[in-house]
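Note sheet for the following structure.
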Amino acid sequence: MLRAPEVDENTSTDPYLYARVIGIYHANVWAERSDIPNAKKVRRMDFLWVRWLGEEPDYVSGLHCARLPKIGFVESSDEYAFSFLDPANIVRGCHLIPDFDAGRTPDLLPFPKSIARCLNPGDVDDWVNFYVNVFVDRDMVMRYFGGGIGHLENSPPSQSCADDSDSEMDSDNDEDDLLPNNSYVEQQQALNDINALVSEGVEEVEVEVEAEDSEDEEDGESELDGSSMVSGSEDDSDESEDSVMEDDGYASF
């Protein structure tokens, strides 16, 4: 995987490009030009031969949609399906999960024996799509969601999932479960409103609690008075226990 070029936010949803390495090569090069200093000095140039993967059309991914990025091999008939790449542009390796539901197809590379399938020479077809596992390790998570030391702000532009025509999204996720793009701002505003209401109503709450406590104590005393009248014929020890219970105010509980 390597950094995607900076383009319009509406044309790209993923901050990275993806490719499968077919071969690693080097060449000794020089130039036959007199206007270039040391042009005839032999230099080693390393390069990679890669097969590109592209984003799945009409597919929306991201944290707000709770879906991993989905990519697939570019058709072999495309001019840029294969190319050479400078190894210095590579960010890191990535973990791809096949989309088992989409299955496999030979249409992307209609050749039963191809060096492009060097990882699995016996295959005659390819997976239609892959999911990019952004949670494979901590470094990968930071590269997608930002916040890590030494990582750029790589979070893809926020997108709405309401216009997504994918039936999988409609069946598996409810619109109420999707987090709005400004959820953090709304939460902070709600907390501020709650704190303001609490600070204004603290005294009233304390007064009401004290009033309820005093009413409970009065009810307890009245119940004790009634019980003492009924048990007036009992001995003095019972009367002393009742008086103690009246004093502490917890007889009604």
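The values are calculated or read from the model by the stated rules, or taken from the named source; none is laboratory data. Just so it is clear, the model here is predicted, and its values are computed rather than measured. Virtual Cβ from ideal backbone geometry, glycine too; neighbours counted across all protein chains shown.
Go over the candidates 35, 58 one by one and state the one that is at pLDDT below 90, over 16 Å from residue 132 (Cα atoms), surrounded by fewer than 11 Cβ atoms within 10 Å (Cβ to Cβ) and within 21 Å of the chain's Cα centre (by Cα). Give the steps one after another, and end with the answer.
Details: 35 fails: within 21 Å of the chain's Cα centre (by Cα).
Matching residue, one of 35, 58: 58.
Here is a list: 47, 73. Which entry is over 22 Å from residue 139 (Cα atoms), surrounded by 18 or more Cβ atoms within 10 Å (Cβ to Cβ) and out of contact with any Cys (no Cβ under 9 Å at 6 or more places or on another chain)? Outline the logic, then answer.
Values: 47 fails: surrounded by 18 or more Cβ atoms within 10 Å (Cβ to Cβ).
When all the criteria are applied, what remains is 73.
Give the stretch 67-80 a look and list any residue that's in contact with a helix residue (DSSP H, G or I) (Cβ under 9 Å, 6 or more places away or on another chain) and farther than 18 Å from residue 15 by Cβ, or say none. It would help to see each step written out before you state the result.
First, the residues of the stretch 67-80 that are in contact with a helix residue (DSSP H, G or I) (Cβ under 9 Å, 6 or more places away or on another chain): 67, 69, 73, 76.
Across the stretch 67-80, the qualifying residues are 73, 76.
Taking residue 111, is it of a type in the set (Phe, Trp, Tyr) and either at pLDDT 90 or above or within 20 Å of residue 4 (Cα to Cα) (or both)?
Working: of a type in the set (Phe, Trp, Tyr): yes; either at pLDDT 90 or above or within 20 Å of residue 4 (Cα to Cα) (or both): no.
So residue 111 fails the test.
Is it true that residue 82 is of a type in the set (Phe, Trp, Tyr) and within 28 Å of the chain's Cα centre (by Cα)? Before you say what the answer is, go through the steps one by one.
Values: of a type in the set (Phe, Trp, Tyr): yes; within 28 Å of the chain's Cα centre (by Cα): no.
So residue 82 does not fit the description; no.
Here's a check for you: in the stretch 117-143, which residue that is surrounded by 15 or more Cβ atoms within 10 Å (Cβ to Cβ) and at pLDDT below 90 is nearest to residue 16 (Cα to Cα)? Working first, answer last.
At the first step, the residues of the stretch 117-143 found to be surrounded by 15 or more Cβ atoms within 10 Å (Cβ to Cβ) are 117, 123, 125-132, 134, 140-143.
Narrowing the set further to residues that are at pLDDT below 90 leaves 117, 123, 140-143.
Working: 117: 23, 123: 27, 140: 12, 141: 13, 142: 13, 143: 10 Å.
Among those residues, the one meeting the criterion is 143.
Pick from 14, 101, 86: which is within 24 Å of residue 135 (Cα to Cα), surrounded by fewer than 12 Cβ atoms within 10 Å (Cβ to Cβ) and of a type in the set (Asp, Glu)? It would help to see each step written out before you state the result.
Values: 14 fails: surrounded by fewer than 12 Cβ atoms within 10 Å (Cβ to Cβ); 86 fails: within 24 Å of residue 135 (Cα to Cα).
The match here is 101.
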